[in-house]
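The next block holds one structure in the form of structure tokens; read it before the comments.
The values are calculated or read from the model by the stated rules, or taken from the named source; none is laboratory data. Because the structure is a prediction, the values reported are computed rather than measured. No Cβ is skipped: glycine too gets one built from the backbone with ideal geometry, and neighbour counts run over all protein chains shown. Just the protein is used for accessible areas: all its heavy atoms, side chains included, with ligands, DNA and RNA removed. Shrake-Rupley method; radii C 1.70, N 1.55, O 1.52, S 1.80 Å.
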Amino acid sequence: MMLTYPLAALGRTTLGFLAVIGRIAIFGGQSLSHIVRPPFYPREFLSALINIGYFSLPVVGLTAIFTGGALALQIYSGGQRFSAEAVVPQIVAIGMVRELGPVLVGLMIAARVTSSIAAEIATMKVTEQIDALVTLSTHPMKYLTAPRVLAAILVVPALVGLGDIIGIMGGYIVGTKQLGFAPGAYISNTWSFLETADILSSLVKGAVFGVIAAVMGCYHGMHSGRGAQGVGRATKTSVEAAAIMILAANFLLTSLFFAS
């Protein structure tokens, strides 16, 4: 009998994990369904659009430009070992657009936006504001979740595109000012190397990461515990879950777009 205890504990953990995944999937599906069904709350949508998009510009821009510059230095340093320094513009472009741009923006959104959404909604739950919405015949998911998810779907791809451009610009600045590349040749090599599939994959990743970040914040906020500890735990868990899911989704989407 003692030998069965570890297996039973493993089984309970697995079933509990699958149950959580199922609840999150149902919550995400319901959130997406509420986007296309009235009533709509344009003020909440615009507020979420500004919070997710406009206020994320500084952290996205700074992260992208420093990453692009560091990537150029790393590729140049590594390329010197094989006399392949000339590939810096091409590799910076494809690295930022295909991988680093979407992932870094997604993680920054998870750190800034997911935590904010989770803390806000969890606080509303603790102070019984969500119960007040129900009393006023307002669906909490319609009022709180749908506008944030829709805003994330629309604005995170734009942030990813902007992050790609700024990251490439960071590589351009380092390449032309520090590594000795000709500006015209650098831009020409960057532009000629990128393909439509690279840009499309970057924007699709941004939309998926936006959904993950918003849904995780709303889900953990709605299901937070009571008191300040419950709010803190919901905020921490939402960011951790969003970051892990973004990295997992990035792997799956990369496999889908570039497996062939």
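Values as computed for the structure displayed
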quantity	calculated
Residues satisfying the stated conditions in the range 30-43, i.e. at pLDDT below 90 and out of contact with any Lys or Arg (no Cβ under 6 Å at 6 or more places or on another chain)	Gln30, Ser31, Leu32, Ser33, Ile35, Val36, Arg37, Pro38, Pro39, Phe40, Tyr41, Pro42
Failed item, numbered, when Pro89 is tested on (1) open to solvent by 40 Å² or more (accessible area, probe 1.4 Å); (2) touching a Ser or Thr at 6+ places or on another chain (Cβ under 7 Å)	(1)
When residues of the range 1-29 are limited to those that are of a type in the set (Val, Ile, Thr) and either within 26 Å of Ala158 (Cβ to Cβ) or at pLDDT 85 or above (or both), the one nearest to the chain's Cα centre (by Cα)	Ile24
Selection status of Val105, open to solvent by less than 40 Å² (accessible area, probe 1.4 Å), part of a helix (DSSP H, G or I) and either among the aromatic types (Phe, Trp, Tyr) or at pLDDT 85 or above (or both)	yes
So Thr123, is it touching a residue at least 40 places away in the same chain (Cβ under 8 Å), within 21 Å of Gly206 (Cα to Cα) and either of a type in the set (S, T, N, Q) or outside any helix (DSSP H, G or I) (or both)	no
Residue within the range 63-81 that is surrounded by fewer than 19 Cβ atoms within 10 Å (Cβ to Cβ) and outside any helix (DSSP H, G or I) present	no
Unmet requirement for Ser137, which otherwise passes all of (1) open to solvent by 30 Å² or more (accessible area, probe 1.4 Å); (2) in a helix (DSSP H, G or I)	(2)
